[in-house]
1. Under 5 Å between amide H atoms, partner at least 5 residues away or on a different chain: which partners does Ser379 have, H built in plane at 1.01 Å?
2. Classify segment 319-425: rounded, prolate or oblate, from the alpha-carbon gyration tensor (a ≥ b ≥ c, eigenvalue square roots; a/c under 1.5 rounded; otherwise prolate if a/b is larger than b/c)?
3. Give Lys137/Lys198; Lys198/Lys257; Lys198/Lys221; Lys248/Lys306; Lys318/Lys385 a once-over and call out the pairs whose C-alpha atoms are over 21 Å from each other.
4. Given points 7 Å out from each Cα along the Cα-Cβ axis, report the Lys49 to Thr208 separation in nanometres with one decimal.
5. Output wanted: per-residue J couplings in Hz (rounded whole) for segment 53-66, from phi through Karplus 6.51 cos²θ - 1.76 cosθ + 1.60, θ = phi - 60°, x for Gly and Pro.
6. For Gln95 paired with Ala67, estimate the spin-label separation in nm (one decimal), with each label point 7 Å from Cα along the Cα-to-Cβ line.
7. What accessible area per residue, rounded to a whole number of Å², is obtained for the chain using a probe radius of 1.4 Å?
8. Got a sec to turn the phi values of segment 103-117 into Karplus ³J(HN,Hα) couplings, 6.51 cos²θ - 1.76 cosθ + 1.60 with θ = phi - 60°, whole Hz, x for Gly and Pro?
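The values are calculated or read from the model by the stated rules, or taken from the named source; none is laboratory data. Predicted model, so just to flag it, every value in this text is computed and none were measured. No Cβ is skipped: glycine too gets one built from the backbone with ideal geometry, and neighbour counts run over all protein chains shown. These area figures cover heavy atoms from the full protein model, side chains too; ligands, DNA and RNA do not enter into them. Shrake-Rupley method; radii C 1.70, N 1.55, O 1.52, S 1.80 Å.
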Amino acid sequence: MRRNLYAAATFIGVLGSLGIGSILLDRKSAVQAATVMAPRFEVNPMWPKPLPNHWILGQTIGVSADAQDHIWIIHRASSLEPGEVHATTNPPTAQCCAAAPPILEFNQEGDLIGHWGGPGQGYDWPFNNHGITVDYKGNIWIGGNGRGTPPGGSAAARTDGRQATQDEGQIAGVTGYFNDSMVLKFTQDGKFLMQIGKPGKSRGSNDTENLRLPAKTFVDKTANEVYVADGYGNHRVIVYDAETGKYKRHWGAYGHKPEDVDLGPYKPDAPPAQQFRNPVHCAELSNDGFLYVCDRANDRIQVFQKDGKFVKEMFINKQTLGSGSVWDITFSRDAQQKYLYIADGENGRVHIVDRQSLELLTSFGEGGRQPGEFYGVHSIATDSKGNIYTTETYRGQRVQKFVYKGMASVTKKDQGVVWPKIKTQ
């Protein structure tokens with residue numbers, strides 16, 4: 001009898017242990033499932049290498065990676081102050097410095113391996129270049145957001161004789177002269193291929209022949225179509241054949257027909273605007289065929305099908321005023337493009353978002369001029385290894401590289417400066 005009771009007690013104890021163990025395992029699994037993972041990055045403060053010829057950068061307003069993982073940037077020489085370019089006076093008043101050519105190409109080691117750009121025969125170089133895209137064929141596309149000077153006029157002249165520079169803020173109205181009503185296409189060695197639009201010819205957001213201060217382009221390799229975020233003067237996305245420049249289609253916010261009306265100041269607590277505010281700052285197509293559009297001053301991304309049908313939207317730092325929070329986007333380089341990276345120039349951050357749920361997972365960066373900090377982070381791109389590259393406008397005037405370090409648990413919503421880990425002996 002005692003032996004049977006002992007056996008029964010032992011059996012019940014084993015069952016209890018198994019039950020408790022099962023509960024603990026379930027809890028552990030739940031905790032693991034609840035752990036949010038996201039890509040992790042560290043700034044490389046040694047990239048790129050110093051430029052030759054006493055060259056320096058002005059407002060650096062575009063970045064793109066090609067199939068060889070070469071990094072292309074575009075900047076504005078006209079934004080440099082007279083005191084920054086003493087080497088260009090006649091005679092030179094000092095050894096430093098001179099503006100670098102507008103378009104620069106770097107290899108993975110940070111060496112400058114190519115440079116070109118500026119006015120030439122057969123095309124109209126933008127008054128104020130803006131954005132750079134390397135398409136799937138290796139061609140280079142640029143836009144512009146400069147008002148310029150009307151023929152016979154001097155509305156944008158400066159007393160120092162240099163070009164006026166359009167700032168990055170919203171244009172309150174859309175009247176007046178707009179020089180940069182075009183996008184340009186070049187080969188990688190700077191040979192001109194095509195121009196869509198003519199300077200000063202825009203008739204507004206439903207003009208299919210001309211643009212109005214276009215911010216950025218993206219080329220769809222499946223249909224060979226170029227999507228234009230158009231832009232600082234217009235309120236739309238417009239699509240052309242990337243080979244012929246033939247018009248295909250266009251739309252505004254929520255897929256509406258775009259309207260050129262002044263929406264007034266952005267108010268975070270007001271109902272979402274039914275039109276894009278200026279600037280419509282980017283249009284990036286995912287591998288699965290969804291177009292992500294930066295409605296910058298409205299602090300939002302809108303997602304569309306290729307035909308302009310609205311799918312969904314998300315807001316980033318919705319209380320952000322000024323120039324807005326959604327400046328540029330790029331995708332992670334896994335096959336599913338699981339993550340969306342957002343350059344937030346007003347708050348000095350890069351945000352990491354789950355692309356399917358549009359949930360903000362974590363952010364990195366801080367306002368400032370040291371490596372890993374941002375002063376007007378304007379554009380963002382990734383290479384095939386998953387590294388992030390950013391450029392900065394205003395007085396930021398630089399390109400930075402953030403090295404992909406694999407996946408990690410999200411322990412902070414705001415990581416601050418992602419400085420490299422220092423090895424100690």
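1. Long-range HN contacts for Ser379: Thr391.
2. Rounded, since a/c falls under 1.5.
3. As for pairs spanning more than 21 Å Cα to Cα, those are Lys137/Lys198; Lys198/Lys257; Lys198/Lys221; Lys318/Lys385.
4. 5.0 nm
5. 6, 6, 6, 9, 9, x, 4, 9, 10, x, 8, 7, 10, 9
6. Distance between label points: 4.3 nm.
7. I get 45 Å² per residue for this part.
8. 10, 10, 10, 10, 8, 5, 7, x, 6, 6, 10, x, 6, 5, x
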